[in-house]
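Participant: Can you keep this structure in mind? I'll have questions shortly.
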Amino acid sequence: MMTAHGKIRTDGILAKPRLDGEDLVQLLAVKEDKEKHRIYRKAYEVKRQNAGNVVYLRGLIEMSNICRKDCYYCGIRKSNEVVSRYTLSQEEIVEKALWAWRRNFGSIVIQSGERTDKQFIETLTEAIKEIRRQTDNSLGITLSCGEQDIDVYRQWGEAGAHRYLLRIESSSEELFRRIHPENEFHRFEDRLKALYNLKKAGFQTGTGVMIGLPGQTLENLADDLLFMRNFDVDMIGMGPYIPHQDTPMGKLTGLIPSPAGRFELSLRMIALARILMKDINIAASTAMQVLDPDGRIKAILAGANVFMPNMTPKAFADNYNLYDGKPVVQDDPMVVVKDLETKLKAVGEIVGYGKRGDSKHYFKRYEKR
Ligand code: SAM
């Protein structure tokens with residue numbers, strides 16, 4: 001819906017009961033501040049109505065930066081020899097999880113480079129069991145540890161993890177192929193299958209994409225949103241692509257939108273995801289904050305409802321550098337949470353202390369089965 005001056009009017013599009021690909025492209029293309037803010041206001045209203053005025057915490061533990069993959073964009077890719085590799089011990093993971101539990105974080109996320117070795121799988125299994133035992137099964141556990149066999153997903157699920165985030169990175173197979181090496185470790189169909197297996201294994205399943213990749217079009221991004229809706233996701237974790245100097249893609253900075261452009265596009269994606277998928281969980285990703293000091297608060301005001309303070313021990317966190325400019329880890333993540341709490345209070349939002357903050361959508365999906 002365009003005016004005579006070629007400007008896009010968002011009110012008519014936003015009033016539609018079901019948005020299609022063309023609508024989404026138009027909403028992503030909006031340039032006028034007034035129209036952009038209409039989209040953000042609508043998304044925030046949908047969040048308040050369907051996910052409440054609460055932001056849930058997930059203390060982030062980056063378990064290992066060892067990775068068997070060689071994604072062209074990622075700072076911890078296998079071929080990056082500048083990185084010193086680490087793996088947290090079971091005790092270190094459990095200690096951090098208990099730290100979060102005692103401070104009422106409600107949930108943790110354990111993330112890692114992609115590893116399928118037995119030692120990694122078993123260490124994580126035992127850590128999950130121990131966390132569940134020592135927190136009376138009360139601490140929510142999300143995993144983000146890449147593609148695994150369904151038996152491994154089941155093993156981690158039986159141990160007590162219940163949410164899993166696996167980004168599809170791009171739902172366009174063509175773009176996916178351009179940002180990954182062509183070999184058996186980086187197959188689009190395997191990533192898709194892993195997502196289906198996560199659902200089969202009973203996880204609250206999340207996915208997401210990078211926004212502002214070289215060669216990515218607004219049509220690609222609209223398709224990403226439709227992919228997530230059609231896949232019936234429970235959660236989304238997505239954010240801007242940020243170059244890393246020691247990666248092959250890190251040198252292609254001339255082919256991507258400006259930092260401000262990537263931030264704005266990411267905000268729009270979050271807002272449109274909320275409008276399309278009203279009752280899911282959406283993360284305000286760390287990468288948002290790299291491009292804008294208030295990026296995560298802006299993401300919440302555009303519909304996000306999950307915040308992930310980093311709890312990786314400082315000595316290791318510096319080596320989990322996915323992209324340039326990743327914020328340094330504070331000695332006390334509680335400082336970050338208190339700052340969030342103050343900022344949220346000013347806009348009528350509260351921190352969901354002590355709450356697991358599961359995806360409402362998951363339970364509705366489960367009841368329908
Ligand atoms: N290996 C697991 C996986 O792929 O599911 C989890 C760890 S991986 C490092 C986590 C996410 O970081 C990826 O899904 C990717 O989207 C994101 N990432 C990696 N490099 C990035 C970059 N340069 N800019 C923005 N996000 C990036």
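Participant: R41 label point, 7 Å along Cα→Cβ, cut-off 18 Å on backbone N: hits in the stretch 253-285?
Facilitator: 268, 271-272, 275
Participant: I've got another one for you. Return the distance in nm (one decimal) between the two label points of a simple spin-label model at A29 and T342, each offset 7 Å from Cα along Cα→Cβ.
Facilitator: 4.3
Participant: Only four residue types carry charge here, +1 at the Cβ of Lys and Arg and -1 at the Cβ of Asp and Glu. Report the dipole size of the stretch 207-345 about the Cα centre in Debye, rounded to the nearest 20. Let's see the in-between values first.
Facilitator: Values: 13 positive and 16 negative charges, 51 e Å.
For this selection, approximately 240 debye.
Participant: How large are Rg and Dmax for the stretch 300-369 when only the alpha carbon atoms are used, in Å?
Facilitator: 15.8, 46
Participant: Still on this structure, I have one more. Got a sec? Charge dipole of the chain, +1 on Cβ for Lys and Arg, -1 for Asp and Glu; which of V54, S172, Q204 is way out at the positive end?
Facilitator: Result: V54.
Participant: Any lysines with Cα under 22 Å of the K360 Cα? List them, leaving off those in the same chain fewer than 8 positions away.
Facilitator: Partners found: K42, K47, K199, K200, K278, K368.
Participant: When the accessible area of the chain is split by element with a 1.4 Å probe, what percent falls to carbon and sulfur? Spell out each step's value before the answer.
Facilitator: Values: 7880 of 15710 Å².
Ligands and nucleic acids excluded, carbon and sulfur give 50 percent.
Participant: Using the Kirkwood radius built from alpha carbon pairs, what does the Stokes-Einstein equation give as D for the stretch 139-226 at 10 °C and 1.306 mPa s, in µm² per second? The partial results should precede the final answer.
Facilitator: On the way: Rh = 13.8 Å.
Calculated translational D: 115 µm²/s.
Participant: If you don't mind, another one. Which shape class applies to the stretch 39-101: rounded if a/c is under 1.5, otherwise prolate when a/b exceeds b/c and oblate if not, where a ≥ b ≥ c are the square roots of the Cα gyration tensor eigenvalues? Can you show the working numbers first?
Facilitator: Values: a/c = 5.04, a/b = 1.60, b/c = 3.15.
Oblate, since a/c reaches 1.5 and b/c is not below a/b.
Participant: Right, next: Under 17 Å between alpha carbons, and skipping anything fewer than 8 positions from K355 in its own chain: which lysines qualify?
Facilitator: Straight-line reach from K355, under 17 Å: K338.
Participant: With +1 on each Lys and Arg Cβ and -1 on each Asp and Glu Cβ, and nothing else charged, work out how big the dipole of the stretch 269-346 is about its Cα centre, in Debye to the nearest 20.
Facilitator: Numbers: 9 positive and 9 negative charges, 59 e Å.
Here the stretch 269-346 has a charge dipole of around 280 debye.
Participant: When Lys and Arg each count +1 and Asp and Glu each count -1, what net charge do the other residues less than 14 Å away from P181, Cβ to Cβ, add up to? Before the final figure, lay out the partial values.
Facilitator: Numbers: positive: R68, K69, R77, K78, R177, R178, R187, R191; negative: D70, E114, E169, E182, E184, D190.
Summing Lys and Arg as +1 and Asp and Glu as -1 gives +2.
Participant: About the Cα centre, and with charges only on the beta carbon of Lys, Arg (+1) and Asp, Glu (-1), how big is the dipole of the chain? Nearest 20 debye, please. Show your work: numbers first, answer last.
Facilitator: Details: 56 positive and 50 negative charges, 242 e Å.
Here the chain has a charge dipole of around 1160 debye.
Participant: For the chain, what does the accessible surface come to per residue with a 1.4 Å probe? Please give it in Å². Present the calculation step by step, with values, prior to reporting the outcome.
Facilitator: Working: 15710 Å² over 369 residues.
Here the residues of the chain average 43 Å² of exposed surface.
Participant: Which one of G140, M63, L98 is farthest out on the positive end of the charge dipole of the chain, using unit charges on Cβ (Lys, Arg +1; Asp, Glu -1) and the Cα centre as origin?
Facilitator: Comparing the listed Cα positions along the dipole, G140 ranks first.
Participant: Across the stretch 243-304, how large is the tail of the calculated P(r) beyond 16 Å, expressed as a percent of all Cα pairs?
Facilitator: Numbers: 919 of 1891 pairs.
Tail of P(r) above 16 Å: 49 percent of Cα pairs.
Participant: Which of the helices in the chain meet the span-like rule: DSSP H, Cα axial reach of 15 Å or more, Kyte-Doolittle mean at least 0.5?
Facilitator: On the way: long enough: 33-51 (26 Å, -2.11); 90-102 (18 Å, -0.62); 118-134 (24 Å, -0.81); 188-200 (18 Å, -0.92); 218-231 (20 Å, 0.18); 259-276 (25 Å, 0.81); 333-346 (20 Å, 0.21).
Passing helices, by number: 259-276.
Participant: For the charge dipole of the stretch 306-369, defined by +1 on Lys and Arg C-beta atoms and -1 on Asp and Glu C-beta atoms about the Cα centroid, which residue among F363, A346, Y320 has the Cα displaced farthest towards the positive pole?
Facilitator: Of the listed residues, the answer is F363.
Participant: Moving to a separate point now. In the chain, what is the volume of the convex hull around the alpha carbon atoms, normalised per residue and reported in Å³?
Facilitator: It comes to 129 Å³ per residue, whole-number rounded.
Participant: Turning to a different aspect of this structure: Tell me what the chain gives for mean residue ellipticity at 222 nm when only DSSP H runs of n ≥ 4 count, each as -39,500 (n - 2.57), the sum divided by the residue total, rounded to 500 deg cm²/dmol.
Facilitator: Details: 15 runs with 163 residues, N = 369.
Computed ellipticity for the chain at 222 nm equals -13500 deg cm²/dmol.
Participant: Kindly state, as a whole number, the per residue volume in cubic angstrom of the convex hull around the alpha carbon atoms of the stretch 18-165.
Facilitator: Normalising the Cα hull of the stretch 18-165 by residue number yields 189 Å³.
Participant: Once the other residues with Cβ under 11 Å from the Cβ of V30 are scored (Lys, Arg +1; Asp, Glu -1), what is the net sum? Before the final figure, lay out the partial values.
Facilitator: Values: positive: K7, R9, K31, K34, K36, R38, R268; negative: E32, D33, E35, E264.
Once positives and negatives cancel, what remains is +3.
Participant: Decide, for the stretch 215-350, between rounded, prolate and oblate: order the square roots of the alpha carbon gyration tensor eigenvalues as a ≥ b ≥ c, take rounded if a/c falls under 1.5, and otherwise choose prolate if a/b is larger than b/c, else oblate.
Facilitator: Oblate is the answer for the stretch 215-350, as a/c is 1.5 or above yet b/c matches or exceeds a/b.
The values are calculated or read from the model by the stated rules, or taken from the named source; none is laboratory data. Here the structure is a predicted model, which means the values were calculated and not measured. As a convention, Cβ positions derive from the backbone with ideal geometry for all residues, glycine included, and neighbour counts pool all protein chains shown. Just so you know, the surface numbers come from the protein's heavy atoms only, side chains and all, with ligands and any DNA or RNA stripped out. Shrake-Rupley method; radii C 1.70, N 1.55, O 1.52, S 1.80 Å.
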